[in-house]
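Below is one structure, written out as structure tokens; the observations come after it.
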Amino acid sequence: MDLILTNPPFGGEEERGILGNFPDDKQTAETTLLFLQLIMRKLRRQATPMGRPARAAVVVPNGTLFGDGVCARIKEQLLKEFNLHTIVRLPNGVFSPYTGIPTNLLFFDRSGPTREIWYYEHPLPEGRKNYTKTQPIRFEEFAACITWWGKREENDRAWKVPVEEILKYNGEGRLGSVNLDIKNPRGKADVAHLPPEQLVESILEKERRITAIVGRIRALLEKPS
């Protein structure tokens with residue numbers, strides 16, 4: 001495919017039978033990660049008939065940015081085989097009332113490996129703490145981002161990060177971490193209370209990460225010496 005624009009389902013789990021369609025080291029029941037792999041696989045490797053690389057724009061939850069394990073290996077492939085050139089960080093409530101999970105827009109193409117990633121933090125309208133069903137995000141609010149897109153420079157909303165600061169390996173050359181959850185270095189500390197649904201999701205996400213870490217530790221301890 002030359003162009004993929006999608007908002008994959010997230011927060012769900014696929015059946016075990018589906019996992020056989022993916023590499024052994026990248027199998028997961030999490031729908032977001034399965035869709036991300038499928039999108040990467042479907043993008044045309046050669047230039048399009050218009051002479052430009054195939055490209056994609058994908059909505060992902062915050063957990064994808066900082067996830068480790070299988071998630072980290074998928075992001076490693078994304079950074080090494082694709083140019084993840086831009087991440088737009090969306091504010092609270094964009095998908096309200098369906099979910100309060102914070103989300104992001106990933107933009108990547110087949111022009112080569114990632115060298116640096118531009119981040120753009122989309123602001124809430126003045127005086128607002130989040131979007132809601134009755135006060136949703138509007139296209140015209142992206143005007144500043146669209147203007148910035150064509151002539152990029154760092155400012156209070158935009159910053160760039162070299163891939164070396166994100167894709168890290170340990171002394172033995174093994175993958176250490178792939179953390180795309182880079183905060184705005186010029187952003188103000190958010191002292192406002194989170195919406196209840198987002199607070200609950202944040203707690204559940206932390207519990208899932210702790211459970212995954214405990215599981216890996218247990219597996220290591222159960223291995224015969």
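Each reported figure results from applying straightforward, stated rules to the coordinates on display, with no laboratory input. For clarity, every value in this text was computed on a predicted model and none was experimentally measured. Positions of Cβ are backbone-derived with ideal geometry, glycine not excepted, and every protein chain shown enters the neighbour counts.
Rounded to the nearest 0.05, what FRET efficiency do Lys42 and Leu221 give with R0 = 35 Å and r taken as the Cβ-Cβ distance? Could you check? The partial results should precede the final answer.
Details: r = 40 Å, r/R0 = 1.14.
E between Lys42 and Leu221, to the nearest 0.05, is 0.30.
List the relative contact order of the chain as a percent without decimals, with contacts defined as Cα pairs under 8 Å and 6+ residues apart. Each step should come with its number before you reach the end.
Values: 340 pairs, mean separation 38.7, N = 225.
About 17 percent, as a whole number.
Which of the chymotrypsin sites (Phe, Trp or Tyr not before Pro) found in the stretch 90-170 are loop residues per DSSP with 13 or fewer other Cβ atoms within 10 Å of their Cβ? Please list the in-between numbers first.
Numbers: sites: Phe95, Tyr98, Phe107, Phe108, Trp118, Tyr119, Tyr120, Tyr131, Phe139, Phe142, Trp148, Trp149, Trp159, Tyr169; in loops: Phe95, Tyr98, Tyr131.
Filter output for the stretch 90-170: Tyr98.
Rounded to the nearest 500, what is the 222 nm mean residue ellipticity of the chain from helices alone, with -39500 (n - 2.57) per DSSP H run of 4+ residues and division by all residues?
Numbers: 5 runs with 64 residues, N = 225.
Calculated at 222 nm, the ellipticity per residue is -9000 deg cm²/dmol.
Structure shown: which of Lys80/Lys129; Lys129/Lys168; Lys26/Lys183; Lys26/Lys129 lie over 31 Å apart, alpha-carbon to alpha-carbon? Intermediate results must be reported in sequence, preceding the final value.
On the way: Lys80/Lys129 37 Å; Lys129/Lys168 34 Å; Lys26/Lys183 27 Å; Lys26/Lys129 37 Å.
Cα-Cα > 31 Å for Lys80/Lys129; Lys129/Lys168; Lys26/Lys129; rest within.
For the pair Glu172 and Tyr98, what calculated FRET efficiency results from E = 1/(1 + (r/R0)^6), where r is the Cβ-Cβ distance and R0 = 35 Å, to the nearest 0.05?
Values: r = 43 Å, r/R0 = 1.23.
My answer for the efficiency is 0.20.
Report, largest value first, the span of the C-alpha coordinates of the stretch 100-175 along each principal axis, in whole Å.
So the extents along the principal axes, rounded to whole Å, are 52, 31, 25.
What number comes out for the charge environment of Arg52, summing +1 per Lys or Arg and -1 per Asp or Glu over other residues with Cβ under 14 Å away?
On the way: positive: Arg44, Arg45, Arg55, Arg110; negative: Asp2, Asp109.
Computed value for this residue: +2.
Within the stretch 74-89, which residues have the backbone N less than 18 Å from the label spot 7 Å out from Glu154 along Cα→beta-carbon, could you tell me?
Flagged as within label range: 85-89.
Test of understanding: given the chain, find the longest segment containing no trypsin sites (Lys or Arg not before Pro) that are in a DSSP loop and have at most 13 other Cβ atoms within 10 Å. Provide the component values of the computation, followed by the final result.
On the way: sites that count: Arg45, Arg115, Arg128, Lys133, Arg138, Lys151, Arg152, Arg174, Lys183, Arg186, Lys188.
For trypsin sites (Lys or Arg not before Pro) (loop position, at most 13 other Cβ atoms within 10 Å), the longest site-free span of the chain is 46-114.
List the GluC sites (Glu not before Pro) within the stretch 51-130 that DSSP assigns to loop and that have no more than 14 neighbouring Cβ atoms inside 10 Å. Write down the numbers at each step before the final one.
Numbers: sites: Glu76, Glu81, Glu116, Glu121, Glu126; in loops: Glu126.
Taking the stretch 51-130 and a limit of 14 other Cβ atoms within 10 Å, the loop GluC sites (Glu not before Pro) found are Glu126.
Taking the structure as given and computing Cα extents along the principal axes in Å, which label from (1) 59, 48, 36; (2) 72, 65, 32; (3) 56, 40, 31 fits?
(1)
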